[in-house]
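Quick notes on the structure that follows.
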């Protein structure tokens, strides 16, 4: 994590399942989030938001395509067509795999790269906030907005789904020429995929604070869902014990 905190930044606290947007060190927007489940915990990262994509396509990670989509295809060969997906590396003029014998494949030898096209039911929703990184983690909308009403929202494969993502995009693009609220909504409604590169990148910190002070100055505690606190506590105790031993033994 950078020691110097940027006055304009986005802070995601996965333990609180929330996002805060700061301007001049003051929080101006707080939104609920859905974060990685316990098998796919969202990592702690310091990133730069570089662009906003309207109506994004979704390139499925190979693990999701082979382990989660392939079983559906074996039961229903029309699954790609029904889900508005295509095979990106298709060479047979059959991008939706209607003639493919899916029973030939397993999770270990699945060769297809799958993409879900933009649309109302795209898993990324209508807005994606781009933060290019080796973990392929980003902020995005979702068509399943009812899930934000749940208290526990550890449901994703690691990415951060944002409630009212279009509102976050509106704030991010506020100083971007030609992208006021009306233009943003028009761009979303147009349905075409469009990436708007930011004139100045926006720092994003994805953190894991099970204990923190809220905006009212109240101390807050959250569940240690990822079981990260115990190893840290144990390491701190071991360090303290070594320090005491060194002091007691003298120079």
Given the conditions (1) buried (at least 18 other Cβ atoms within 10 Å of the Cβ); (2) in contact (Cβ under 8 Å) with a residue 24 or more places away in the chain; (3) in contact with a helix residue (DSSP H, G or I) (Cβ under 6 Å, 6 or more places away or on another chain), every one holds for residue 85 apart from (3)
I'd like to verify a number: residues in segment 58-68 that are closer than 9 Å to residue 114 by Cα and in a helix (DSSP H, G or I), how many? 2
Elements of type strands (runs of 3 or more DSSP E) contained in segment 192-233, each with 3 or more residues being in contact (Cβ under 8 Å) with a residue 24 or more places away in the chain and touching a helix residue (DSSP H, G or I) at 6+ places or on another chain (Cβ under 9 Å): 194-207
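Considering segment 166-178 alone, what residues qualify as being touching a residue at least 60 places away in the same chain (Cβ under 8 Å) and either touching a helix residue (DSSP H, G or I) at 6+ places or on another chain (Cβ under 6 Å) or closer than 16 Å to residue 198 by Cβ (or both)? Full working, then the answer.
Taking segment 166-178 as the starting set, the residues that turn out to be touching a residue at least 60 places away in the same chain (Cβ under 8 Å) are 167-169, 171-173.
Correct list: 168, 169, 171, 172, 173.
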From the options 141, 149, residue that is buried (at least 21 other Cβ atoms within 10 Å of the Cβ) and either in contact (Cβ under 8 Å) with a residue 12 or more places away in the chain or at negative phi (or both): 141
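Out of 48, 39, report the one residue that is outside any strand (DSSP E or B), surrounded by fewer than 18 Cβ atoms within 10 Å (Cβ to Cβ) and assigned by TED's automatic domain parsing to the domain that holds residue 173. Before you say what the answer is, go through the steps one by one.
On the way: 48 fails: outside any strand (DSSP E or B).
Answer to the selection: 39.
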When you go through (1) surrounded by 15 or more Cβ atoms within 10 Å (Cβ to Cβ); (2) outside the structural domain of residue 35 (by TED's automatic domain parsing); (3) in contact with a helix residue (DSSP H, G or I) (Cβ under 7 Å, 6 or more places away or on another chain) one by one for residue 127, which number turns out not to apply? (2)
Restricting to strands (runs of 3 or more DSSP E) lying wholly in segment 106-178: which have 1 or more residues that are more than 24 Å from residue 72 (Cα to Cα)? 127-130, 160-162
When (1) exposed (fewer than 11 other Cβ atoms within 10 Å of the Cβ); (2) modelled with pLDDT of 95 or more are applied to residue 184, the one that fails is (1)
Being surrounded by 11 or more Cβ atoms within 10 Å (Cβ to Cβ) and more than 13 Å from residue 12 (Cβ to Cβ) is the filter here; which residues of segment 201-213 pass it? 201, 210, 211
Which residue, of 67, 91, is touching a residue at least 12 places away in the same chain (Cβ under 8 Å) and outside the structural domain of residue 17 (by TED's automatic domain parsing)? 67
Considering residues of segment 51-60 that are over 13 Å from the mean Cα position of the chain (by Cα) and touching a residue at least 60 places away in the same chain (Cβ under 8 Å) only, the residue surrounded by the fewest Cβ atoms within 10 Å (Cβ to Cβ): 51
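The values are calculated or read from the model by the stated rules, or taken from the named source; none is laboratory data. Just so it is clear, the model here is predicted, and its values are computed rather than measured. For neighbour counting, all protein chains shown are included, and Cβ atoms are generated from backbone atoms with ideal geometry for every residue, glycine included.
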